[in-house]
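Enquirer: Could you have a look at this structure, given as structure tokens, before my questions?
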Amino acid sequence: LVLRQDEEAGFDEFTSIKDDAAEILSKHDDLIWLNGLEKISAEAFHSLSSHQGGIQLMGLKEITDELAKSLAKYNGDLWLNLGVYGRGSRSKIDKTAAISLSKHQGEINGMNAKELVNSLKFLKLNL
């Protein structure tokens, strides 16, 4: 796997990722597109968490509380399919996971994390 540091890295064709591949991707400096992933373990996301260029995970079927806690610790911007700027069927997320996700310090889908969670409540999406 060869990545140029000044280019976005698109891997939308992959539906799963192993921890060691996530660790390799974490060293990339630009946006990482992993929109084909239907699930990612909290451990694999933890391996990605040192990445600072933003991560798109628009294909996730579900965001568990464990994954939401890992996402919340991430320092970069996230793009998730939560019904706001999403495509296709949105990721399932329950109230506990949404509260955990709201602690994210960066932006999610171009919004402050707390604003995003509040919009989900307003739209009555998944909660």
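Enquirer: Pairs LYS18/LYS61; LYS27/LYS103; LYS39/LYS73; LYS92/LYS114; LYS39/LYS114; LYS69/LYS92: which are spaced more than 20 Å apart, C-alpha to C-alpha?
Expert: In this structure, LYS27/LYS103; LYS39/LYS114 lie more than 20 Å apart at Cα.
Enquirer: Using 0.36 nm per residue, how much length does the chain from GLN105 to LYS92 gain when fully extended, once their Cα-Cα distance is taken away?
Expert: Result for the pair: 2.5 nm of gain on full extension.
Enquirer: Follow-up question, since we're still on this one. If R0 is 30 Å, what FRET efficiency do you get for ASN118 and ASP30 from their C-beta distance, rounded to 0.05?
Expert: So the FRET efficiency works out to roughly 0.50.
Here, each number is a calculation from the coordinates, and none is a lab measurement. On a predicted model such as this, the values are computed, not experimentally measured, just so you know. Cβ sites come from the backbone with ideal geometry, for glycine too, and all protein chains shown count toward neighbours.
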